[in-house]
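Single-structure report; data block below.
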Amino acid sequence: MAGNFWHWLKSFAIEIVVYALLVTAYFFLVLHLLGGWLEELFLGQRHLYAWVALLLIAGQGVLLEEITRWLLGWITRGKD
Amino acid sequence: MFFPISGVHVDPIYLMGVGFIVGVLGGFFGVGGSFLAGPALFLVGVPMNFVIGTDLAHIVGKSIVAARKHRVLGNIDLKLGLLMVVGTVGGVEAGAQLIQKLKQTSHLDWVVGPAFVVILIAISLFMTWESVKTLLLQRRARGAGQRPPGQHPGGRDHSAVAFIAEAVHRISLPPYISLPISGIPKISVWAILAVSFIGGVFSGFLGGGAGYIRMPCLIYLLGIPTHIAVGTDLFEIIISAGYGTVTHALKGNVDILIALVMHTGAAIGAQIGATLTQFFAGPRIRMAFIPLPLIGAAIMLYKLFSGPGP
């Protein structure tokens, strides 16, 4: 079990490095593009903003989970 | 980084760091982690109304990540989670109404508040006693080559106080439901609704998801194995926090950009927390959970002494 744990920890360390690069790109591309539009929605169309906010956070949840899962799989395959 | 919706400058690395820590806690314990994320946002100048709504939004994303991981691990009882949503939403509304009543009768908060503190400290003490006793019983049984006592009906967990959940399972109050994933052949629907309602009342009264009370209730009162309680609570939080996100966003209390940045840290933390549950047995997870009700008690004391919030 201890061996499994250390294997998992090493995979995760690699995953975090790759993930950090992806997240940095994400900040510059997505948040800067969406910021102005979301602010306009917040000020002018609160109902739409509420649902867009929920969709965005849920969508990001699914997307990031897929990315981290794919990364883990990719790292594991690379080791094998 | 400037966040135009709430009008504050916050370092995104700080937000990601907070998200990461809360994500680990959420993935491992099945809690929202508002007791940590709320003060952390407030500390860097995020207005209090945005703190509450934004934290709820980030909890939705984090819980999705952790719940998907727990689903892969077989730790989610969907039937139980959906039933709990009903009780939780009712409880949150009741808790919010209680707050309104307390505002009118200012002395009452000094009756209810200390009662909550006593309950939360009692939960912590009880969990300490129970998890230590269970681990000792397990060790003794293993040494003697016997089956550990207090084994959960599903065979996935052990508890020295399994008799409490067994008594709840015997409550004769129809309609009944079976929870095969949790290893429970028959339980009154009212027991599940009552437990989730209690969690909801704490959530509505104190803010956040109140996982520090719902988790012990799931484990000790309903007899849900610890790992499934963690996963199912996260699934339930997705729906109840999603509901809270929309209602708070309508009132202008959600800065979704802050929530999205926090969530990038929380996503990785939640994966780590959820994966870590594989390496710990139920009693050890419960033992690590012990400080959380104490933090809930500290929040209550702080609110009592600092007066009502904005």
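The values are calculated or read from the model by the stated rules, or taken from the named source; none is laboratory data. Note that the coordinates shown come from a computational prediction; the quantities given were computed from them, not determined experimentally. Ideal geometry is used to build each Cβ from the backbone, glycine not excepted, and the neighbour counts take in all protein chains shown.
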Counting residues that are farther than 30 Å from A:Glu40 by Cβ, free of Cβ contacts under 8 Å to residues at least 40 places away in the same chain and not acidic (Asp, Glu), which helices (runs of 4 or more DSSP H) fully inside the range B:195-310 reach at least 3?
B:291-306
Look at the range B:87-127 and say how many of its residues are surrounded by 16 or more Cβ atoms within 10 Å (Cβ to Cβ), at pLDDT 85 or above and of a type in the set (A, V, I, L, M, F, W, C).
1
Which ones in the range B:128-141 are modelled with pLDDT under 80 and crowded, with 18+ Cβ neighbours inside 10 Å?
B:Gln138
Here the residues within the range B:1-54 that are in a helix (DSSP H, G or I), of a type in the set (Val, Ile, Thr) and touching a residue at least 24 places away in the same chain (Cβ under 8 Å) are B:Val18, B:Ile21, B:Val22, B:Val24, B:Ile52, B:Thr54
All but one of (1) buried (at least 24 other Cβ atoms within 10 Å of the Cβ); (2) at pLDDT 85 or above; (3) farther than 19 Å from B:Val161 by Cβ hold for B:Gly209, so report the exception by its number.
(2)
Residue list for the range A:41-61, restricted to those being more than 14 Å from B:Ala259 (Cα to Cα), more than 8 Å from chain B (Cβ to nearest Cβ) and in a helix (DSSP H, G or I)
A:Leu41, A:Leu43, A:Gly44, A:Leu48
Sort out which residues of the range B:9-49 are over 18 Å from B:Gly209 (Cβ atoms) and buried (at least 24 other Cβ atoms within 10 Å of the Cβ), and write them in order of number.
B:Leu15
Here the residues within the range B:156-195 that are modelled with pLDDT of 90 or more, surrounded by fewer than 18 Cβ atoms within 10 Å (Cβ to Cβ) and in contact with a Pro (Cβ under 9 Å, 6 or more places away or on another chain) are B:Ser178, B:Val189, B:Trp190
